[in-house]
Amino acid sequence: MRRWIFFAYGLACHGLFLGVYAWMAAFVGNFGFGVLPTIDGPAEDPFWKAFLIDVLLVAIFAAQHSVMARPWFKGRWTRIIPEPIERSTYVLASCAAVALLMWQWRPIGGVVWDVTDPVWRTILQGVFIFGWVMVPAVSLLINHFDLFGTRQVYLHLRGRAYTNLPFRTPGIYRHVRHPLYVGWIIAFWATPTMTATHLLFAAFLTLYILAAIPFEEKDLVSHFGDVYRDYRRRAGALAPRLGASRVG
């Protein structure tokens, strides 16, 4: 019975992520349809108050997303949370942090750029969609279900021990080490109308991504050793490394 509960919990957390991800795309793209909060809107709070709240919301997300992903935290966390649902619980906490950010986000007003040409607006909107499609598509190249904890609860349901996935570099991973982050950055920045609020959101989350890469790669080096060191020499972090030999 416990295995089935864990499995249902994992599926629910995975399904919640898909819902929150769709909400986040609508949030950033200003598709609230008069019901959901969106990134832009009239400034209702003093600038300093809205700015501090937005920075705090990003900091909460960054702290949750980074701290809970570190091996030292997982070692302590699994003394409380059963190991088969550790990743699903991480996904649940991430969804809560993102939902809080979108729910409490404070627009600050102002326009940084506004592309009025209909052709270029359509192109930028297409790039925006590309970024949001790229993130889940890239995750499917490695193991989407391991990343979101579904594989872990499925193995537990079947009575099989969890095994770490082997190091692989399929598709774009042969040339870029973090294509997931590339997708996020594209999704955050591709917009025909960039407001000061949107700029704040995109800039802080991009800075978080750039700051998180060294910590993530330190863990990967600890786990995979020379295999990952060699991969890091050959493939660029966010763009292909010119002149680098192909990674198998």
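Mean projection of the Cα convex hull over all viewing directions, computed for region 1-123: 10.6 nm². May I ask you to list the chymotrypsin sites (Phe, Trp or Tyr not before Pro) in region 48-77 that are in a DSSP loop and have at most 11 other Cβ atoms within 10 Å of their Cβ? Within region 48-77, no chymotrypsin sites (Phe, Trp or Tyr not before Pro) qualify (loop, at most 11 other Cβ atoms within 10 Å).
Among the trypsin sites (Lys or Arg not before Pro) in region 162-248, those placed in a DSSP loop whose Cβ has at most 10 other Cβ atoms within 10 Å are R246. Contact order, relative form, for the chain: 26 percent (alpha carbon pairs under 8 Å, 6 or more residues apart, mean separation divided by residue count). With the convex hull drawn over the C-alpha atoms of the chain, the volume per residue is 149 Å³. 3J(HN,Hα) along region 117-123, derived from phi through the Karplus expression 6.51 cos²θ - 1.76 cosθ + 1.60 where θ = phi - 60°, amounts to 4, x, 5, 5, 4, 5, 4 Hz, with x in place of Gly and Pro. Once the mean of 1/r is taken over each pair of separate Cα atoms and inverted, region 180-225 shows a Kirkwood hydrodynamic radius of 11.9 Å.
Find the centroid of the Cα atoms in region 42-82 and in region 88-132, then give the distance between the two in whole Å. Computed from Cα coordinates, the inter-centre distance equals 18 Å. A Gaussian network model of the chain, with springs between Cα atoms under 10 Å, assigns the largest mean-square fluctuation among A43, A59, A99 to A43. Of the trypsin sites (Lys or Arg not before Pro) found in region 1-97, those that fall in a DSSP loop while having at most 12 other beta-carbon atoms within 10 Å are R79. A Förster distance of 41 Å, applied to the separation of the beta-carbon atoms of Y21 and W120, puts the FRET efficiency at 0.95.
Where does each of T122, T116 land when they are ranked from fewest to most other beta-carbon atoms within 10 angstrom?
Values: T122 12, T116 8.
Ascending Cβ contact count within 10 Å gives the list T116, T122.
Taken together, the values in this text are just the output of simple stated rules run on the coordinates, not laboratory data. This structure is a prediction, so every number in the text was calculated from the model and none was measured. FYI the Cβ positions are ideal-geometry reconstructions off the backbone, even for glycines, and counts take in every protein chain you see.
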